[in-house]
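J.: Input: one structure, supplied below.
The values are calculated or read from the model by the stated rules, or taken from the named source; none is laboratory data. The model shown is predicted, which means the values in this text are computed figures rather than measured ones. As a convention, Cβ positions derive from the backbone with ideal geometry for all residues, glycine included, and neighbour counts pool all protein chains shown.
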Amino acid sequence: MSATAYLIGVSALCAAAVLGAILPAGQRLLGAALLSAVGCLAALAGSGEVLVSGHPFAMHSAEVLPLTGVDVSLDPLGALFVAITAIVGLAVSWYSIGYGAHPHASRTTTAVLPAFLATLLLVPAASSVATFMAAWELMALTSLLGLLGEHRRRPETRDAAQWYAVMTHIGAAAILFGLVLLGAHAGGQSFAAIAAHRRELSMPLRSAVFVITLAGFASKAGAVPLHVWLPRAHPEAPSPVSALMSGAMVNLGVYGILRVGEVLLGGGELWWWLLVASLGVTSAFFGALHAAASTDLKRLLAYSTVDNVGLVLIGVGAAGALQCDGDRLLAGLALVATLFHLANHALFKSGLFLAAGAIQHSTATRDLDRLGGLARRMPVTAVLFGIGALSISAVPGSNGFASEWLLFEGLLQGIASRSAVTQAALLAGVAALAITGGLTATAFVKAIGVGFLGQPRTQAAREAKDVAPSMLAGMGILAVACVTLGVVPGVALPVLERAAAGGLAGGAPHALRPGIGIELAAARGAIDPALVVVGLLAAFILAGSAVRFAPRPAQLRHPRRGEVWGCGRELQTARMEITATSFAEPLQRVFADVLRPDHDLEVTHASESRYFPEAISFHQRIDDAIERLVYRPVIAAVVSWGRLARRIPNGSVHRYLAFGFAALLLVLVVLR
Amino acid sequence: MTGGLADLAVVDPALAERVGVSAVQVGIVLVGGPLLLGLMGKLRARAEGRVGAPITQGLADLRKLLHKEAIRAEPTSAVSAMAPVVLVGSAAVAAALTPLVSTRPVSAGGADVFLVVYLLLMGSIALALGGLDAGTAFGGMGSSRAMTIGAISEPALLVGILALAVQARTSNLPGIVKASLAHPGWLASPQRILALGALVVVVIAETGRIPVDNPSTHLELTMIHEAMVLEQAGPDLALTTAGEAMRLGLLLGLVANLFFPWGVADSGGGLAIAVGIFALAVKASALAALIALIEVSTAKLRLFRVPELLAGGFVLAIVAVTIGLVSR
């Protein structure tokens, strides 16, 4: 039953991709979107059944791929990722109906979006090296096409696509190399065979496979220092594609680490997981800081993805390390928390990207410094963006709060672990969680405050209007999911526990008590978000009525509107408002060592006296320091080697013949 | 919190008592916050050789503001109306859950460190958004500075309390207070002393006192909190002022009970709760006096020196946790 539903889902998405490519313009959007929504629902049903019942399914087909055939199976771990993708995909499909009516929208986007979704559903279900790599490569290709869908002629988009293509293919090459190495030594390419033979593999080999594949998966997940494609690709991609990239694709990097490290290699050694946790700590801090300093809304969201992936990797590292210390209960707790946060991040981040797309749709910009006052012009989008922003800031009652609390609790309980190294790693994780909490709140106060509140800064922002109902509905699905998981997180936990047990080599006992809130089974620790929300609402009503019904003369009852206080000046214009750049300035100055902003101040003096400036221009750029310090030199080196190599072939046939002869000799020597 | 659960309380006497404890705590923080501010003002005035306003000045100001006309700036949205309400509401719920008077408030099992810290963060977010809503230069500047300081002080608060949580092996606040009541020897342990230092820095930053912010200034270049509420007037300002006072009272009460848990009621009964109220008043007043003393004896720091102070607090907190881990 679950297998059928899953297959129907994937086939419906493939059919939707074909429809999107061949139908005439009038019917294309609706046909492709509805069919992909059906596909997502079917995949959700299939994966949901696996998650609830705990019974995996497996299939083999020799027809599709030559030589190896296709192996598809879905266990609870994979099913969780399929379910997350399906929910995000459902919302994105609805959204794309209205989004596609945009003049920029292209047939490519309509056709590629369902295909991308189908590959996202295939990766967690692939159960052999060949199938996995095929699905992984298809995912890379469809996402690249999706990225190029709208503005393929813009230099920024082309640049972003180039970065993304290179990073994703280096990553794929690393994964392929690692998995082939593993399959060659384990005597088979199916995941089941590899897992069965893992004990025969030497530890150095296992470690090599883990580190090589980790590099590939971390580049897909967007972990620092392999994150450079994210803040380039996400802003340039059409918003439904960015939503899928951030909400579903980066998750699969985490999935890969769990699948290879825990399920195939059996957990391995402590240092593997300390490596993962340190990647997480770096990513969380670096991402949160850049998010707080960004002024491009989608770039901000992309860096915030780096931050959240970091938190998830901290959790994965903690779970793996605790498992190596032999503490299965605490490892299970940490992994449940991690998967919960991953699911929540998928929901709110894709919602936020869709809302950013709605803003771009309505105002043709995503630069916060050109927006402002949208709350009164796009009220529904403002509320939906607000729900996402408050969730990601972990305001109590939101799903982000529930999972960050659980992650905090997982790390705190794990600190009781036996090994001192693990303790230190977990402490670093807690510190990163605490620091990113404040930075994320700052980033999103900036996004709401500068983008939605205050006065509009440009004509486009002044004329903004709420977008089509289908787009709002798409965002609404995700907002409802966020609120539900925030108020009654307990409903999702049994499913997450099942997935987490499947994601640890030794399985995991129940770490949580059943209920609508969250309560640890083995230690004193619980939260009851439903009660907190009821309490908050009651307190808001009481405080609100204290203001409204305060005893004052009848003519003063109704709130009056007055002018803003202009410090003695009459006129208050939007030019005087704080901008996103200046909002982030203090923080940027505090963390100047990490952010390394470039300033450029030009003062033109009046010709009469240099005490009177005629014009002042100030430019600031915050480039990614890692890109500048690590990638640029490497790229420059490759380019200069290329230039050197160009001197060798000078057009002389004699020289080429000499090369051929030398190469032949070399081959003979080697083969001897 | 009390309104919605009053019907249930008829059924279960134990729950009625918990609801009562929470209601008492909210009431104490609501009234006690402004009184603590008054006390600090009085002490500062006396130390500077002035008479100073009466201690009850804060309550009188609130009453005055509540009777004034409600007036909001032209370009504002619903956020301006909601921000003060959220500030007070989040502080009230945090006060209802925190073991201030007794270790048995409503939902004691769910009274977690993380929850209380993030409820405070919720109030800070509301205040900062309120400051940005009118679109004025000052409001935005204040919000930007407040969020910058909050972004560094909030982790110090969380990690500071974490030092105690590691010692007590739970992040449940009543659990920590109970554990410290059961182990009097912990009170002088090095990690607690370091954590106390970190939390005092945090309280000063979160409540906007000298040397981080000067609550009595309206000088454009230096103000933080006052800049955010510049557009508020009348009842809105009353709520914001009350909310800020409640946060001060809550933080002082929380720090007092975490580090000096004597007198907190651990059982039911009117007498124990009365003792708890008295002990809380004494301890919170003592901490307020300490902060007033710091305020008199230091000058306000430059804005860009403040993060150094807070980072110092954060490092103290981290060292406290590390000592806790090593000495176990």
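J.: Is at least one residue of the stretch A:174-189 closer than 17 Å to residue A:222 by Cα and either surrounded by 21 or more Cβ atoms within 10 Å (Cβ to Cβ) or of a type in the set (Asp, Glu) (or both)?
T.: yes
J.: Out of A:16, A:25, A:58, A:45, I need the residue that is surrounded by 22 or more Cβ atoms within 10 Å (Cβ to Cβ) and either more than 16 Å from residue A:121 (Cα to Cα) or among the aliphatic types (A, V, I, L, M) (or both). Which one?
T.: A:16
J.: Taking the stretch A:592-608, which residues are assigned to a loop (DSSP other than H, G, I, E, B) and within 30 Å of residue B:307 (Cα to Cα)?
T.: Answer for the stretch A:592-608, where residues must be assigned to a loop (DSSP other than H, G, I, E, B) and within 30 Å of residue B:307 (Cα to Cα): A:596, A:597.
J.: If residue A:497 satisfies every condition in (1) charged (D, E, K, R); (2) more than 42 Å from the chain's Cα centre (by Cα); (3) more than 10 Å from every other protein chain (Cβ to nearest Cβ) but one, which is the exception?
T.: (2)
J.: Looking at the stretch B:260-278, which of the residues that are part of a helix (DSSP H, G or I) and either surrounded by fewer than 20 Cβ atoms within 10 Å (Cβ to Cβ) or of a type in the set (Val, Ile, Thr) (or both) is nearest to the chain's Cα centre (by Cα)?
T.: Taking the candidates together, the pick is B:277.
J.: When residue B:218 is evaluated against the numbered criteria (1) within 14 Å of chain A (Cβ to nearest Cβ); (2) part of a helix (DSSP H, G or I), which criterion, by number, is the only one it fails?
T.: Here residue B:218 meets the rest and fails (2).
J.: Separate question: Looking at residue A:139, is it surrounded by 24 or more Cβ atoms within 10 Å (Cβ to Cβ), closer than 23 Å to residue A:74 by Cα and of a type outside the set (Ser, Thr, Tyr)?
T.: Yes, satisfied.
J.: What about residue B:185, is it free of Cβ contacts under 8 Å to residues at least 40 places away in the same chain and within 9 Å of chain A (Cβ to nearest Cβ)?
T.: no
J.: Now for a different question. Can you pull out the residues in the stretch B:113-156 that are more than 7 Å from chain A (Cβ to nearest Cβ) and within 18 Å of residue B:305 (Cα to Cα)?
T.: Matches in the stretch B:113-156: B:142, B:146, B:149, B:153, B:156.
J.: Do we have any residue at all in the stretch A:627-636 that's over 42 Å from the mean Cα position of the chain (by Cα) and either in a helix (DSSP H, G or I) or among the β-branched types (Val, Ile, Thr) (or both)?
T.: So far as the stretch A:627-636 goes, no, none of its residues is over 42 Å from the mean Cα position of the chain (by Cα) and either in a helix (DSSP H, G or I) or among the β-branched types (Val, Ile, Thr) (or both).
J.: May I pose another question? Restrict the check to the stretch A:244-261 and report whether at least one residue is within 19 Å of residue A:79 (Cα to Cα), aliphatic (A, V, I, L, M) and more than 16 Å from the chain's Cα centre (by Cα).
T.: For the stretch A:244-261, residues within 19 Å of residue A:79 (Cα to Cα), aliphatic (A, V, I, L, M) and more than 16 Å from the chain's Cα centre (by Cα): present.
J.: Hey, can you tell me all the residues within the stretch B:49-77 that are modelled with pLDDT under 90 and either part of a helix (DSSP H, G or I) or exposed (fewer than 14 other Cβ atoms within 10 Å of the Cβ) (or both)?
T.: Correct list: B:66, B:74.
J.: Residues in the stretch A:644-651: is at least one among the polar types (S, T, N, Q) and either at pLDDT 90 or above or surrounded by 10 or more Cβ atoms within 10 Å (Cβ to Cβ) (or both)?
T.: Within the stretch A:644-651, none of the residues are among the polar types (S, T, N, Q) and either at pLDDT 90 or above or surrounded by 10 or more Cβ atoms within 10 Å (Cβ to Cβ) (or both).
J.: Further, regarding this structure: For the stretch A:572-581, which positions are at the interface with chain B (Cβ under 9 Å from one of its Cβ atoms), in contact with a helix residue (DSSP H, G or I) (Cβ under 7 Å, 6 or more places away or on another chain) and of a type outside the set (A, V, I, L, M)?
T.: Of everything in the stretch A:572-581, those that are at the interface with chain B (Cβ under 9 Å from one of its Cβ atoms), in contact with a helix residue (DSSP H, G or I) (Cβ under 7 Å, 6 or more places away or on another chain) and of a type outside the set (A, V, I, L, M) turn out to be A:577, A:579.
J.: Exactly one of (1) over 22 Å from residue A:469 (Cα atoms); (2) crowded, with 23+ Cβ neighbours inside 10 Å; (3) touching a Gly at 6+ places or on another chain (Cβ under 8 Å) is unmet by residue A:110. Its number?
T.: Going through the list (1) over 22 Å from residue A:469 (Cα atoms); (2) crowded, with 23+ Cβ neighbours inside 10 Å; (3) touching a Gly at 6+ places or on another chain (Cβ under 8 Å), residue A:110 breaks only (1).
J.: Next up: Can you say whether residue B:169 is touching a residue at least 60 places away in the same chain (Cβ under 8 Å), facing chain A (nearest Cβ under 10 Å) and charged (D, E, K, R), as far as the supplied structure shows?
T.: no
J.: Would you please name the residue that is nearest to residue B:147 (Cα to Cα), looking only at residues in the stretch A:553-571 that are facing another protein chain (nearest Cβ under 7 Å) and either surrounded by fewer than 19 Cβ atoms within 10 Å (Cβ to Cβ) or of a type outside the set (A, V, I, L, M) (or both)?
T.: Among those that are facing another protein chain (nearest Cβ under 7 Å) and either surrounded by fewer than 19 Cβ atoms within 10 Å (Cβ to Cβ) or of a type outside the set (A, V, I, L, M) (or both), it is A:565.
Yes or no, residue by residue, for (1) within 20 Å of residue A:538 (Cα to Cα); (2) more than 7 Å from chain A (Cβ to nearest Cβ):
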| residue | (1), (2) |
| --- | --- |
| B:48 | no, yes |
| B:56 | no, yes |
| B:59 | no, yes |
| B:84 | yes, yes |
| B:88 | yes, no |
| B:95 | yes, yes |
| B:98 | yes, yes |
| B:103 | no, yes |
| B:106 | yes, yes |
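J.: Give me the residue from the stretch A:464-491 that is in contact (Cβ under 8 Å) with a residue 60 or more places away in the chain and in a loop (DSSP other than H, G, I, E, B) and, out of that set, surrounded by the fewest Cβ atoms within 10 Å (Cβ to Cβ).
T.: Here the residue is A:465.
J.: Looking at the stretch A:390-398, is at least one residue more than 10 Å from chain B (Cβ to nearest Cβ), buried (at least 24 other Cβ atoms within 10 Å of the Cβ) and touching a residue at least 24 places away in the same chain (Cβ under 8 Å)?
T.: yes
J.: So if I check each of A:31, A:26, A:89, A:100, which one is under 24 Å from residue A:243 (Cα atoms), more than 27 Å from the chain's Cα centre (by Cα), of a type outside the set (Asp, Glu) and not assigned by TED's automatic domain parsing to the domain that holds residue A:475?
T.: After applying the criteria, what remains is A:31.
J.: Answer yes if at least one residue in the stretch A:72-85 is free of Cβ contacts under 8 Å to residues at least 24 places away in the same chain, part of a helix (DSSP H, G or I), buried (at least 17 other Cβ atoms within 10 Å of the Cβ) and not aliphatic (A, V, I, L, M), and no otherwise.
T.: The answer is no; no qualifying residue exists.
J.: Would you point out the residue of the stretch A:609-626, among those that are in a loop (DSSP other than H, G, I, E, B) and among the acidic types (Asp, Glu), that is nearest to the chain's Cα centre (by Cα)?
T.: My answer is A:624.
J.: Would you tally the residues in the stretch A:528-552 being facing another protein chain (nearest Cβ under 7 Å), at pLDDT 80 or above and surrounded by fewer than 16 Cβ atoms within 10 Å (Cβ to Cβ)?
T.: Of the residues in that region, 0 qualify.
Residue by residue, here is whether (1) within 14 Å of another protein chain (Cβ to nearest Cβ); (2) surrounded by 24 or more Cβ atoms within 10 Å (Cβ to Cβ); (3) more than 19 Å from the chain's Cα centre (by Cα); (4) of a type in the set (Lys, Arg) holds:
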position	(1), (2), (3), (4)
A:325	no, no, yes, no
A:332	no, yes, yes, no
A:335	no, yes, no, no
A:343	no, yes, no, no
A:353	no, yes, no, no
A:407	yes, yes, no, no
A:415	yes, yes, yes, no
A:420	yes, no, yes, no
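J.: Still on this structure, please answer the following. Restricting attention to the stretch A:1-35, which residues are part of a loop (DSSP other than H, G, I, E, B) and in contact with a Gly (Cβ under 9 Å, 6 or more places away or on another chain)?
T.: A:1, A:23
J.: Please go through the stretch A:361-379 and give me each residue that is within 13 Å of chain B (Cβ to nearest Cβ) and either over 24 Å from residue A:576 (Cα atoms) or in a helix (DSSP H, G or I) (or both), ordered by number.
T.: Within the stretch A:361-379, A:368, A:369, A:374, A:375, A:376, A:377, A:379 qualify.
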